[in-house]
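Readers should treat all values here as calculations from the given coordinates under stated rules, not as data from a laboratory. Model, not experiment: these values are computed from the prediction. For neighbour counting, all protein chains shown are included, and Cβ atoms are generated from backbone atoms with ideal geometry for every residue, glycine included.
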Amino acid sequence: MAIRQIRLDSDPILRKKSREVENIDDKILTLLDDMVETLDVAQGVGLAGPQVGVLKRVIIVNVDECYKMINPEILETSEPELGSEGCLSVPGYVGMVTRPKKVKAKFTDETGNERIIEAEGLEARCICHEIDHLNGILYTDLTEEVYTLEELENLEKDE
Ligand code: NI
């Protein structure tokens, strides 16, 4: 396994749409393993292909358990809620973003099986955030409320 470089928000690759994975070959399996390791070292909860410079529809979501998702899709969403989130490609910032409280999602796992999961809270938020990356969307596109960690602390003190 290897740690890959995480692309930052000024990198145009983050604005491109990723392609479906057609064959789960060694290259994809290595990519998934590298992404898990990269995410672990960065101490994040999610990572998408474009963030390591690969325009393939693969994401890692590691909230309650670690999912390697190939060609993930949202099937159903619940009512929305406002919550905070960050992104390894936008270090040092946190934004308030409206996302569904719960999602039902399908994906192909690394053995080629189709799986369906139901997620809520941070895990649901993370799945939506990472799938957005596959479509060239960053959370900063979805909200005007983006703060530094220090600003967020001060806001919370004022409330
Ligand atoms: Ni992100």
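Set Lys and Arg Cβ to +1 and Asp and Glu Cβ to -1, take the dipole of region 1-129 about its Cα centre, and tell me which of Pro91, Ile127, Ile13 lies farthest positive.
Ile13
For region 12-158, with the dipole built from +1 on Lys and Arg beta-carbon atoms and -1 on Asp and Glu ones, taken about the Cα centre, which of Val58, Thr148, Pro80 lies farthest toward the positive end?
Checked the options; the winner is Val58.
As a check on your grasp of the helix formula, calculate [θ] at 222 nm for the chain: sum -39500 (n - 2.57) over DSSP H runs of n ≥ 4, divide by the residue count, round to the nearest 500.
The helix-only estimate for the chain comes to -8000 deg cm²/dmol at 222 nm.
Over region 1-49, with a single point scatterer placed on each C-alpha, what log10 of the ratio I(q)/I(0) does the Debye formula yield at q = 0.14, 0.17, 0.21, 0.27 1/Å?
With no solvent term, the Cα-only Debye profile gives -0.40, -0.59, -0.86, -1.14.
Taking the Cα centre of the chain as origin and charging only Cβ (+1 Lys, Arg; -1 Asp, Glu), how large is the dipole, in debye to the nearest 20?
700
Out of every Cα-Cα pair in region 12-158, what percent are more than 24 Å apart?
29
Exposure proxy check: Thr111, Thr98, Thr140 ranked by fewest other beta carbons within 10 Å?
Ranking Thr111, Thr98, Thr140 by Cβ neighbours within 10 Å, fewest first, gives Thr111, Thr98, Thr140.
I need the P(r) histogram for region 88-142: all alpha carbon pairs, bin width 5 Å from 0 out to the longest distance, whole percents.
Result, from short to long distances: 4, 16, 24, 24, 17, 9, 4, 1 percent.
So for region 30-93, what percent of the C-alpha to C-alpha distances run longer than 20 Å?
32
Cα axis of helix 149-158 to longest principal axis of the chain: angle in degrees, 0 to 90, nearest 10?
With rounding to tens, the tilt is 40 degrees.
Considering only Arg57, Arg15, Arg99, give the residue with the highest GNM mean-square fluctuation for the chain, with springs between Cα atoms whenever their separation is below 10 Å.
Arg15
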